[in-house]
Each structure stands twice: as C-alpha cells, then as structure tokens.
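Report on the following structure.
The values are calculated or read from the model by the stated rules, or taken from the named source; none is laboratory data. The structure displayed is predicted, hence computed values, not measured ones. Cβ placement follows ideal geometry from the backbone for every residue including glycine, while neighbour counts extend to all protein chains displayed. Please note that ligands, DNA and RNA were not included when accessible areas were found on the heavy atoms of the full protein model with its side chains. Shrake-Rupley method; radii C 1.70, N 1.55, O 1.52, S 1.80 Å.
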Amino acid sequence: MELDIQCEEMSPSRWAELLTTMKSCKTIRLDDCNLSSSNCKDLSSIINTNPSLTELKLNNNELGDAGVEYLCKGLLTPSCSLQKLWLQNCNLTSACCETLCSVLGAQPSLTELHVGDNRLGTAGVKVLCQGMMNPSCKLQKLQLEYCELTADIVEALNAALQSKPTLKELSLSNNTLGDTAVKQLCQGLVEASCNLELLHLENCGITSDSCMEISAVLRNKSSLMDLSVGDNKIGDSGLALLCQGLMHPSCKIQKLWLWDCDLTSASCKDLSRLISTKETLTEISLIDNNLRDSGMEMLCQALKDPKSKLQELWVRECGLTTACCKAVSSALSTNKHLKVLHIGENKLGDAGVELLCEGLMHPNCNIQSLWLGNCDLTAGCCATLATAMATKQCLTELDLSYNPLEDEGIRKICEALKKPSCNVQQLILYDILWSSEVDDELRALEESKPEVKIIS
C-alpha cells in the first residue's frame, strides 16, 4: 500500500486520518505538505511500529534538525526496515548529522539517503562519512546536491568510498568543489572497490583541467552508466579528453549530460564518433551549447549510423536554424531507436518544422516525445504538425510552448487531437495567447478525451 500526497496543507483532522492509513503503508510520500518537527514525532512512531515501511519521502517540508532527531529515534529501533529516506530541502544543518550518522551505522536496511538542498556544510557531511565507514552501513545511493560543500570534503568522501563497496550512486552537483578536489575525488573513485553506476557533478566549478581524471573514471569503472557534468566550463578541449574515456571499450555509459559546458561545433566531431560507435549510449543532453547548424549536421550523420542506439537527444538552445532541419529530418527517417527529441529554443521557423515533419512521418521514425517550444513557429506550420499528430501513432507528447500560434494554429492542433488515430496524451502550450472560444474548445476536448492532458 502506498500513500502519495503532494502540496497539501495538513489540518489536524486530516493528519489524524492519514496516520491511521500510514500504519500499513509500504511507501509514504508527503512532499511539500507544510510538515514540521511536531509531525515527525508521529512519523517516528509509524517507523517504529510499521515494519513494512520501506520508503519515506518528506522533501520540501520545514522539518528542521529537531524533526530529524525525532525521525531518527524511530529509525534506530530494531523493528525499522526503512530502505529509502528523502529529506531534500527540509531546513537541515550540520547539527542533525551526528544523529543521521548513528542511523547509517546502525541501520543496514537503509540503502538510499537523499539530503540535498540542505545547509549541511562540509563539517556536517564529514560526520555522515564517518557513519558510512561503519561496516553495518550498506548505503547504495547518496545525494548531496546543494549542501554547501567545499573542496575540503573530498578526503572524507574518498575514505568513505574506500570502505563502501555497496555505493552505486553519488550526486555532488551544485557544490563549489573545483578542479583540484574533483581530481582527488576521481583518483579515489578509480581506487575504490565500489561499482559506481551514477556520478553527478553539475555546477561544481570543473574546467578542462580535471577532465583527464574524469576520463580515467570512465575507463576504469565499467559499471558507470550515468555521468552528468553539465553547467561546468569544460569547453571543447575538456570534451576531447572526456571522449578518450567514453570511447574506451570498457566504458559502458548510457546517459551523458553535457548541458551548458561551453561546447561549440568543434566538439561535434568527437560527439558524432561517440554517438555512432558507443552502442550503450542511449541519452545525451547538449542543451545550451553553441553547436550551430554545422555541429547539428554532424550529429545527424552519426544518428544515421546503424550502430547508433541513441534514444534521447536534447539540443535545446543550441543556436540552430532552419538550415539544419533537412539533416534532422533525414536522421529521423533513418534512425529507428530515437524516441525523444528536445530541439526547442532554436530558430527553426515554420519551414524548418515542415522539413522535420517529413522525417517524423517516415515509417522508420519512432519518436514519442517532441519538444518545439520557442522555435519561431506560427499557424503556418500547424496543418503539417496536425497531419503528423494524426498519422504518427507513436507520438504521445508534444511541446509547442512560447510560439505565436494564435487561434488558427491551436484549432488545427485541436482537430488532430480529436481524431481517433491521434495518440498524443500530453500537449504543452505555455504562454500562447488564444481567445475564450478556443479555450472552451480545449476544455471540451479534454472532457471528450480524458486521456489527453493539455498543459498551459
């Protein structure tokens, strides 16, 4: 049994009602429910008396250190079987880390700890690392994003990594680590016995200087499937170093996020080689890099290679224009694996989308999600889009936000949605102006096809 509630103010009567339900729940999720430390007293009792409870998610609540102290009393009882604990953005500080450390050392059932977006600081996380080093700790996933960590944390983290072969996921994004610390961390990861599967280092002050060490992790950790180094200024030279590790035969990367990394079209030769030859790679994000049409054309050529198994390509805000759309269309008509294409915030224009739709409607194309927000589109391309929606049954999600489609364009899209052959289940239309008459038509459409969700 699951309890999953979000964004609900808890009255005393409602809380009392839920407590009765919680006594038999396997999963409790109460994100953004205005909970406080007083609610944690009750939750501690639930943890203590409900041995079937394995997941507790309390993100975005003002629990504070006092609330976590109450929770930990329940977590430290022998009857507790909790496996996953989410406490992101709960107004925690280093003061609660001693108690959490005790839980890590005493509760072998706990395999996931998510405490990002809390001001734990380097001192607090050093204490958590002590708990990780306890032989009883079997932690597999540790999320520490936005925890105000500095370079000084790396020595403690590396010591914990050395003693924790169970660890599979480590997220340190949005902490000011810098190159020197990231180099040390990577050296520790290479030496550690853990089979790391996920490493997130977004916005950590990384430049090309530490890319050789990250590349070494990619070469030496064949378990690593998910790497995110977005929002770091690694540049084309850093990407070239990363690709040395990515292209190594032992690297089995599946998901690679490189958004806002100061890449240009010069990187696309290496990226194309990666896309066309690394058959494990299924998802890549290149959002907010100045790839330009010439770079996109190289990527499209790679997508046409039979060895490419890419399923998701994110190229939003990459300086693309109508000029690259013929190449994109050709890739869509050739590649049977690509399911998600985010190409919004590029000046494709009506003519560009007309070309895209040619590829979209090809029998080889299996696109399920297409994002075209803020692409300078007008009602002029909506007839072609409507035809694609009505004929391409694999297409289930379409984003046309921030385009001046007006009543004429929206009506054409609505006509396509009404057709039984159209399988679009989510249509995203943020910041588009239409009349009250069209608004009524959209609401009527949602009522007649309840499986369709129109988000605006």
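Remark: for residue pairs K23/K138; K309/K419; K57/K141; K126/K233, the C-alpha separation exceeds 24 Å in K23/K138; K309/K419; K126/K233. Evaluating 6.51 cos²θ - 1.76 cosθ + 1.60 at θ = phi - 60° for every residue in segment 384-396, the Karplus couplings come out as 5, 4, 5, 5, 5, 4, 7, 9, 9, 6, 6, 6, 10 Hz, glycine and proline recorded as x.
When you count the other C-beta atoms within 10 angstrom of each residue and take the mean per peptide, 159-169, 347-357, 418-428 line up highest first as 347-357, 159-169, 418-428. For N374, the residues whose amide H sits under 5 Å from its own are E345, S401, Y402, N403, ignoring neighbours fewer than 5 places away on the same chain, with H placed 1.01 Å from N. Dimensions of segment 58-206 along the principal axes, based on C-alpha atoms and rounded to the nearest Å, stand at 41, 30, 22, largest first. The Rg/Rh ratio of segment 308-421, with both radii computed over alpha carbons and Rh defined as the Kirkwood radius, is 0.93.
Taken over segment 149-262, the percentage of Cα pairs per 10 Å bin, counting from 0 up to the bin with the maximum distance, is 16, 53, 29, 2. Neighbours of L3, meaning other residues whose beta-carbon lies under 15 angstrom from its beta-carbon, give a summed charge of -2 when Lys and Arg score +1 and Asp and Glu score -1.
Roughly to the nearest percent, how much of the accessible area of the chain is carbon and sulfur, given a 1.4 Å probe? Carbon with sulfur: 49 percent of the solvent-accessible area. Loop-resident GluC sites (Glu not before Pro) (DSSP state other than H, G, I, E or B) in segment 211-285 with no more than 15 further Cβ atoms inside 10 Å of their Cβ: E279. Charge dipole of the chain (Cα centre as origin; +1 on each Lys and Arg Cβ, -1 on each Asp and Glu Cβ, all else neutral): 1840 debye, rounded to the nearest 20.
Shown are T391, T93, whose ranking by accessible area with a 1.4 Å probe and every protein chain present, most to least, is T391, T93. The three principal axes of the Cα atoms in segment 54-99 give end-to-end lengths of 27, 19, 12 Å, sorted in falling order. With a Förster radius of 35 Å applied to the C-beta separation of N195 and T150, the computed FRET efficiency comes to 0.80. For the chain, the longest principal axis of the alpha carbon atoms and the long axis of helix 12-22 meet at an angle near 90°. Translational diffusion of segment 405-456, estimated by Stokes-Einstein from the Kirkwood radius over alpha carbon pairs at 20 °C in a medium of 1.002 mPa s, is 193 µm² per second. Principal axis extents of the Cα atoms in segment 196-249, from largest to smallest and rounded to whole angstrom, are 25, 19, 12. Along segment 42-57 the Karplus relation, 6.51 cos²θ - 1.76 cosθ + 1.60 evaluated at θ = phi - 60°, assigns HN-Hα couplings of 5, 5, 4, 5, 4, 4, 5, 9, 10, x, 7, 6, 10, 9, 10, 10 Hz to successive residues, with x for each Gly and Pro. Under Stokes-Einstein, with the Kirkwood radius over Cα pairs standing in for Rh, what whole-number D in µm²/s applies to segment 148-204 at 37 °C and 0.692 mPa s? This corresponds to a translational diffusion coefficient of 291 µm²/s.
Quarter the surface of the alpha carbon convex hull of the chain and you get the mean projected area, 22.1 square nanometres.
Phi angles of segment 428-433 translate, via the Karplus equation with coefficients 6.51, -1.76, 1.60 and θ = phi - 60°, into HN-Hα couplings of 9, 9, 5, 6, 10, 8 Hz per residue; Gly and Pro are given as x. Excluding same-chain neighbours fewer than eight residues apart, the aspartates and glutamates reachable from K164 by a Cα-Cα span under 15 Å are E112, E155, E191, E197. Rolling a 1.4 angstrom probe over the protein heavy atoms with all chains in place gives the chain an accessible area of 40 Å² per residue.
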